[in-house]
Every structure is written in C-alpha cells, then in structure tokens.
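Asks: So that we are looking at the same thing, I have put the structure below in structure tokens.
The values are calculated or read from the model by the stated rules, or taken from the named source; none is laboratory data. Remember, it's a predicted structure, so these values are computed and weren't measured experimentally. Note that we place each Cβ from the backbone using ideal geometry, even for glycine, and neighbour counts take in every protein chain shown. Note: accessible area is taken over every heavy atom of the protein model, side chains too, but ligands, DNA and RNA are not part of it. Shrake-Rupley method; radii C 1.70, N 1.55, O 1.52, S 1.80 Å.
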Amino acid sequence: MEDKAQIQEAIKTQGEVVRKLKSEKASKEQIDEEVAKLLQLKARLGGDDGKHQFVLKTAKGTRDYNPKQMAIREKVFKTIISCFKRHGAETIDTPVFELKETLTGKYGEDSKLIYDLKDQGGELLSLRYDLTVPFARYLAMNKITNIKRYHIAKVYRRDNPAMTRGRYREFYQCDFDIAGQYDGMIPDAECLKIVYEILSELNLGDFRIKVNDRRILDGMFAVCGVPDDKFRTICSTVDKLDKMSWEDVKKEMVNEKGLSEEAADQIGEYVSMQGGMDLAERLLQDQKMSQSKQACAGLSDIKLLFSYLQLFQVTDKVVFDLSLARGLDYYTGIIYEAVLTQAGVAPVPAEAQNGAPAEESVSVGSVAGGGRYDGLVGMFDPKGRKVPCVGVSIGIERIFSIMEQKAEASAEKVRTTEVQIMVASAQKNLLEERLKLVTELWNAGIKAEVMYKKNPKLLSQLQHCEESGIPLVAILGEQELKDGVVKLRVVATREEVDISRADLIGEIRRRTSEA
C-alpha cells in the first residue's frame, strides 16, 4: 500500500509542475511532456479494479497534425512542388524501409541514429534515414544515368529531438536532385536558385545561403596538418560550429579527437573566413591553400558557381563560408546550407551576444541543405559505375514550425476546408430540396456542404458558415422554390440576392474566383 501512497504523492507533485507551467504560459511542447509524465504516473496507479491503465500519447519525437496545421502544411507543399515543377522535375517514391546494408556506412557518425526494425526471421531492415541514399539505390538498381526528380516523404531518426525547434524522430523531407553527367556547376547553381525561390516565396524572413566545397575542406585539413584518417571525424566537429563556439569546437578537436593544438589553430584561421568570388580568388593565391590540388579545384568551382549565381540573380543571399562542413559522409564537392537570419530575435542587446557586433543578425537555424555526391550511386552499382548527382533537401519541419508560429501570431483565420457554398433552408421540410440542390452543385464540381439535419435552424446554418469561413450560402424557401430562384447570401457582407436556378452555378464560380 505504501507504494501506492508514494505514487499518489508523486502525482500530486507532478500535477503542481503542470499547473505551474500553465500559469507561466510555458511552451505547448514543454507542457505536453510534463502532462505525459503525469498520465504515466496515473497509469501506474491503475484503475479501481487494479487493471493497468492505457496511456494515450504519441510516441516520443512524433506528433499529430490537426486540420489547421495540415492546411498550413498543404500550402507549403504546394509552393515547393510548384517550384520543383517550374524547374522541370518529375517525382518518384521508394519504400519507407530499406535493407539494413543499404543504409549502413553512408552517414558517418550519424549512423547510430538509424532505426533498425526488429528481426523477425526475414531480411534485416531499417527505416530510411533520408531520401538521398534510397534515391542512389534506385538509380543503381534501375541503371538510370540521368534524371531530375523531387521526392517528398517521411524519414526516421532515433534522435533526442528538441521538438520546440522543429526537430522530430519522424519528419518529412523534401528533396530535389539532378543526376547525370553535365558541365560543371550548372546544375549546382540551379539547386541554389531553387532554394532562393522557395525561401523568398514562403516569406519566412531574411535568409543566407552558405556554400563551401568538400574538396576545399579536405585540402584545408591537409595543409593544416590533419592526418588523413582524421579528416571525416574533424569534419563532423567543424560541422558543429553553428551550434558551438570556436573554443568548444577546438576543445573537442584537441581533447576528444586527438588533433594537435597547432593544427586546430590553423583550421581556426580559415573557418572564420566568409566572402564571395573575391575570397575564392584570394585563397587560390594563399601560400598554404595553393599547395593543395584538391582545394584549388574546389576554389575554381566556387568561382565558376558564383559567375552562374550572378546570372541567376541570387548572389545577394549567397555567401562562401569556410566553416560550412555538413556532416554526411557522401558529399564529394560543393555543399550548401540555407539559414534564416532574423535581427533581434533574442531579447539580449545585440552587442552582448558572444561579443558579436550590434548589427549582426541572429541565425534561427538551417532550413535547407545539400550538395554534390558523385560517388554514392557507384557504391551500389555492381560495376562501380558512377552517376554524378547534386541535390538539395528543404527542411520542411522547421519551415512548418515557423509558419505555424506566424499563423498563431497573426489574427488571420486559417481555413481548414475549401467549401465554397452552404446549401441552407429557411423553413422546415425542405431536406429533399436541399439534397437535390447540393447534388447539382457537386455534379458541377462546386465544393458544397449541407447540414445533416432534417430541419436545421437558419441561424445555426449561417453560424457554421461564419465559423468555418464558407463565403456563400444558397438559401431555399417555399417562395424561392415557386419562383425558380435561390437566395444567394454573401456571408461577410450579409448582402442577399435572388439568382435564377439556371444561373446559380455560373454566379458561384464568378464570385468564388474573384475571392
């Protein structure tokens, strides 16, 4: 019994935690997390009959989407897909799980985040971690040497997600890739143009697209004295520079990865550099960098890339940044990442932020990333035939989080249905007439709705339209039926006009297309 008393005490304490968070108006995710703990404690108590109670919650790192969130999500998808189609892409789909060996060894240190499915005596399977490796497998398996495709689907990662920052264990990825043997940097520049168009169109705020090249990084590591076998592991440490200070990154390189302090300091000098075509030219003349053939090839490509980006009119947002590393193992050339920058996001005075100058904007996190991966398809091809690829992944969940916050902050009502007109009646016993009219409308392709009651009150039908944003109401009454007309009411202005039954469909189309 004493155990039961302990649980009850814990429930009381946890209840206070939840109440405190609610009174402090803490974030929904934080409250949900503590409520889930409370429910688990209550479940341990069991019901009166001693049965174990079932806890209703979504699995860690996942979420449900309500109609309002889905409406925002569909709008975002529509914008992105229309951009992909404008650039001539077709789409494919691949299974949600792959053979385990397909995924192993492709993600560097992130491989530990792959979800393995329980072995039930068949093939060893894992849930896909991204859409790029399945795409490479698809190309090799079907012997495809050139395709421009987009793919939007869910992927899975055993991460410890900060759901408040738009990170989950199950989330959508939204990829655009160009596979094939083409002249240098033309497809790469188009990928950056696509990122630029999507972020501009979604109106998320100011953004920067950072670019670098894996060959420049590898060349830089070589001339700074990093041993060959430490390239990848040092690369994934440099990749943390957007989340950690240089001091912490250096500490990890020296103390955990065993790099010499001198090599780390030399890397530090380079990774603080940012610029454009001018920086690439300067580094080609750099005493140390010019010793690396690899780095020179990467720098020449960056110069060429910037010349195309000028023609695509996107250089105002693109910056050549030597600290950009992107941790994935399969990148071989150009890499890029788009980050949202919002001045004054933090309440602290700007000059107090890590000693940054006051006008410097605060980064809100990555919303797109990608690069060139010329060797990945060859890993799957029995003859090792390579298919050069370059692609970009739009960080759709981050974008959803931002769009949802914007929708919450603005008073604008998000419509969750597309109903154009409600068929209503002003008197009793008109259900049949309402059903006949709604059928006419449906058959004409009009989005229409009717209340599921024999004799609904006119007021409740009109209220339903106001609440769900339906712009028009077709009102039927005895008199209207005799005269062969329908009373068309505009919900927003309450203006009413009699329209003949024959003209109704045309009138609805006219009014809803104007809106």
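Asks: Can you bin the stretch 288-329 into rounded, prolate or oblate? Criterion: square roots of the alpha carbon gyration tensor eigenvalues sorted a ≥ b ≥ c, rounded for a/c under 1.5, prolate for a/b above b/c, oblate for the rest.
Replies: In terms of gyration-tensor shape, oblate.
Asks: Would you mind computing, in nm to one decimal, how far apart the modelled labels at residue 307 and residue 7 are, each placed 7 Å from Cα along Cα→Cβ?
Replies: For residue 307 paired with residue 7, the spin-label model returns 7.3 nm.
Asks: Got a sec? What order do 167, 385, 434 fall in by accessible area at 1.4 Å, biggest, i.e. largest, first?
Replies: 385, 167, 434
Asks: Then there's this: I need the shape label for the stretch 456-515. Rule: rounded when a/c is under 1.5, else prolate if a/b > b/c, else oblate, with a, b, c from the alpha carbon gyration tensor. Working shown, then result.
Replies: Numbers: a/c = 2.38, a/b = 1.13, b/c = 2.10.
Oblate, since a/c reaches 1.5 and b/c is not below a/b.
Asks: Amide H neighbours of residue 334 under 5 Å, at least 5 residues apart or on other chains, H built in the peptide plane: list them.
Replies: 214, 372
Asks: Compute log10 of I(q)/I(0) for the chain with the Debye formula, placing one identical point scatterer on every Cα and leaving out solvent, at q = 0.08 Å⁻¹, to two decimals.
Replies: Relative scattering, expressed as log10 I(q)/I(0), comes to -0.71.
Asks: Can you tell me the length gained on complete extension of the stretch residue 158 to residue 383, counting 0.36 nm per residue apart and subtracting the Cα distance?
Replies: Numbers: separation 225, 0.36 × 225 = 81.00 nm, distance 3.32 nm.
Gain in length upon complete extension: 77.7 nm.
Asks: Can you tell me the relative contact order of the stretch 248-329? Whole percent, Cα pairs under 8 Å, sequence separation 6 or more. Before the final figure, lay out each step's value.
Replies: Values: 55 pairs, mean separation 29.0, N = 82.
It comes to 35 percent, rounded to a whole number.
Asks: What is the magnitude of the charge dipole of the chain about its Cα centre, with +1 placed on the Cβ of each Lys and Arg, -1 on the Cβ of each Asp and Glu, and no other charges, expressed in debye to the nearest 20? Kindly include the intermediate steps, with their values, before the conclusion.
Replies: Numbers: 76 positive and 80 negative charges, 303 e Å.
Computed charge dipole of the chain: roughly 1460 debye.
Asks: Let me ask something else. Taking amide H positions as placed in the peptide plane 1.01 Å from N, state which residues far from residue 367 in sequence (5 or more) or on other chains have amide H under 5 Å from it.
Replies: Long-range HN contacts for residue 367: 338, 339, 340.
Asks: With everything on Cα atoms, drop me the angle between helix 431-443 and the longest principal axis of the chain, reported from 0 to 90° to the nearest 10.
Replies: Approximately 40 degrees, to the nearest ten.
Asks: While we're on this one: For the chain, what is the relative contact order in percent, using Cα pairs closer than 8 Å and at least 6 residues apart in sequence?
Replies: Numbers: 815 pairs, mean separation 68.5, N = 515.
Relative CO of the chain lands at 13 percent.
Asks: Under a 1.4 Å probe, what is the accessible area of the stretch 81-139 per residue, stated in Å²?
Replies: Accessible area per residue, the stretch 81-139: 52 Å².
Asks: On the accessible surface of the chain, probed at 1.4 Å, how many percent belong to carbon and sulfur atoms?
Replies: Carbon and sulfur: 50 percent of the exposed surface of the chain.
Asks: Can you tell me the orientation of helix 186-202 relative to the chain, as the angle in degrees between its alpha-carbon axis and the longest Cα principal axis, to the nearest 10?
Replies: 40 degrees
Asks: Using amide H atoms built 1.01 Å from N in the peptide plane, name the residues 5+ places from residue 420, or on other chains, whose amide H lies under 5 Å from its own.
Replies: 447, 448
Asks: Based on the Cβ-Cβ distance of residue 36 and residue 201, what FRET efficiency does E = 1/(1 + (r/R0)^6) give at R0 = 35 Å, to the nearest 0.05? Before the final figure, lay out the partial values.
Replies: Working: r = 37 Å, r/R0 = 1.05.
Given R0 = 35 Å and the Cβ-Cβ separation, E is 0.40.
Asks: If you keep only loop residues by DSSP, which GluC sites (Glu not before Pro) in the stretch 8-96 have at most 10 other Cβ atoms within 10 Å of their Cβ?
Replies: Here the GluC sites (Glu not before Pro) that fit, given the DSSP loop and packing criteria, are 24.
Asks: Farthest toward the dipole's positive end in the stretch 232-316, which of 272, 294, 313, given Cβ charges of +1 (Lys, Arg) and -1 (Asp, Glu) about the Cα centre?
Replies: Looking along the dipole axis, the top candidate is 294.
Asks: Mind checking the angle between helix 132-141 and the chain's longest principal axis? C-alpha axes, 0 to 90 degrees, to the nearest 10.
Replies: It is inclined by approximately 80 degrees.
Asks: Once the Cβ-Cβ distance between residue 44 and residue 416 is put in as r, and R0 is 51 Å, what FRET efficiency do you end up with, to the nearest 0.05?
Replies: Values: r = 37 Å, r/R0 = 0.73.
Computed FRET efficiency for residue 44 and residue 416 comes out at 0.85.
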